[in-house]
Amino acid sequence: MATEIKAVILAAGKGTRMKHLTATAPKPMLEICGKPVLEIIVEAIRDAGVREVCIITGYRAEAIKEFFGDGKGHGVRMSYVTQEVQDGTGKAPELAKGFVGKDPFFLAYGDILTEPTNYRGMVEIFSKGGCDGLVTVQEGPDVSKGAAVMFNGDFNLTDIIEKPPPGSVSSKWYNTGIYLFTPRLFEFTPRLEKSKRGEYELPDALRLMAKEGLKLRGFVLKDYWMDVRDPEVLDEAQRFFASKAAKGITR
């Protein structure tokens, strides 16, 4: 890769929907077949060529820091930043601005899993140039449960709407929460205003970027994608990865 790509992983939340499971550990450290969700993500990003990772921590930060340390045991150089105020996904990336510097970077959530080759595919597309970022999506019949993403004919993002009312948008694409940005993202996050939920929302920054002519290209994830948000999805992930292991598939 001509330019080094770094990674910022958001892992500050408690994960209240996990109930008692996060009483002593943050949600990203819950295990799937004996391996923390966050470790699965770090390894996938590392295998895409990334060597510097910054984790945004918050709830039970010590559990994450004690597990990964300086990152050498996982083939990366690990940095940490603490998010003191949980005010949304729009402001959290700013905590890693100094870490990112002038380099492009993955922005991922510590509870989202996908086929590892997707990260490599994103690097390949991004390295060809011509865009300011990649926004991952999948096709779904009901985009009202997440963020609907609209694209033009060149598959560049034109708009993104969080939880639109059913039938109110024509898009078939929903946002899957894995990104690859240039540092230009940080020109827009300071301009965010709080949403109706009282938080700063990352999709609002994407909307601003698109309106001002930046090119955010869509990237369709292949194979599986999981938002490990509650005990039911965690159980589903356990069964899925156990099945892969039984078939001799290690990733």
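Bear in mind that the values in this text are calculations on the coordinates, not laboratory data. Quick caveat: nothing in here was measured; it's all calculated off a predicted structure. Counting neighbours? That spans all protein chains shown, and the Cβs are built from the backbone with ideal geometry, glycine included.
How do D159, D142 rank when sorted from fewest to most other Cβ atoms within 10 Å of their own Cβ?
Ranked by crowding around the Cβ, least crowded first: D142, D159.
As an exercise, use a Förster radius of 35 Å and the Cβ-Cβ distance of H74 and R184 to find the FRET efficiency, rounded to the nearest 0.05.
0.75
By DSSP, what percent of the beta bridges with both residues in the chain are antiparallel, rounded to the nearest 5?
Roughly 50 percent of the beta bridges in the chain run antiparallel, per DSSP.
What ranking do E193, E201 get, fewest neighbouring Cβ atoms within 10 angstrom at the top?
Listing E193, E201 from fewest to most nearby Cβ atoms yields E193, E201.
Counting alpha carbon pairs within less than 8 Å and at least 6 residues apart, what relative contact order, in whole percent, applies to the chain?
23 percent
Just the Cα atoms of region 197-251, one point each, no solvent: what log10 I(q)/I(0) does Debye give at q = 0.14, 0.15, 0.24 Å⁻¹?
-0.67, -0.72, -0.97
Treating only the Cβ of Lys, Arg, Asp and Glu as charged (+1, +1, -1, -1), what charge dipole size does the chain show about its Cα centre? Round to the nearest 20 debye.
Computed charge dipole of the chain: roughly 120 debye.
Answer rounded, prolate or oblate for region 6-246, using the Cα gyration tensor with square roots of eigenvalues a ≥ b ≥ c: rounded when a/c is under 1.5, else prolate when a/b is larger than b/c, else oblate.
Judged from the Cα gyration tensor, region 6-246 comes out rounded (a/c under 1.5).
Taking the Cα centre of region 1-62 as the origin, how large is its charge dipole in debye, to the nearest 20, when only Lys and Arg (+1) and Asp and Glu (-1) carry charge on their Cβ atoms?
340 debye
Which of the lysines could a cross-linker span from K35 if the Cα-Cα distance has to be under 21 Å and same-chain partners fewer than 8 positions apart are dropped?
Leaving aside lysines fewer than 8 places away in the same chain, those within reach of K35 are K14, K19, K27, K65, K72, K244, K247.
Give the calculated FRET efficiency between E236 and E66 to the nearest 0.05, with a Förster radius of 30 Å applied to their Cβ-Cβ distance.
The formula returns an efficiency of 0.60 here.
At 222 nm, what helix-only mean residue ellipticity would the chain give, in deg cm²/dmol to the nearest 500, using -39500 (n - 2.57) for each DSSP H run of four or more?
Rounded to the nearest 500, the figure is -7000 deg cm²/dmol.
Rounded, prolate or oblate: which fits region 105-164, taking a ≥ b ≥ c as square roots of the Cα gyration tensor eigenvalues, rounded meaning a/c under 1.5, else prolate when a/b beats b/c?
Oblate is the answer for region 105-164, as a/c is 1.5 or above yet b/c matches or exceeds a/b.
Can you give the Kirkwood hydrodynamic radius of region 1-143 from its Cα pairs, in Å with one decimal?
15.8 Å
Which loop-located chymotrypsin sites (Phe, Trp or Tyr not before Pro) does region 155-251 contain, where loop means any DSSP state but H, G, I, E or B and the Cβ has at most 16 other Cβ atoms within 10 Å?
F155, Y224
Provide, in order from the shortest bin, the percent of all Cα-Cα pairs of region 1-56 in each 5 Å bin, continuing until the bin that contains the maximum pair distance.
All Cα pairs, binned at 5 Å, distribute as 4, 18, 24, 21, 15, 9, 6, 2, 1, 0 percent.
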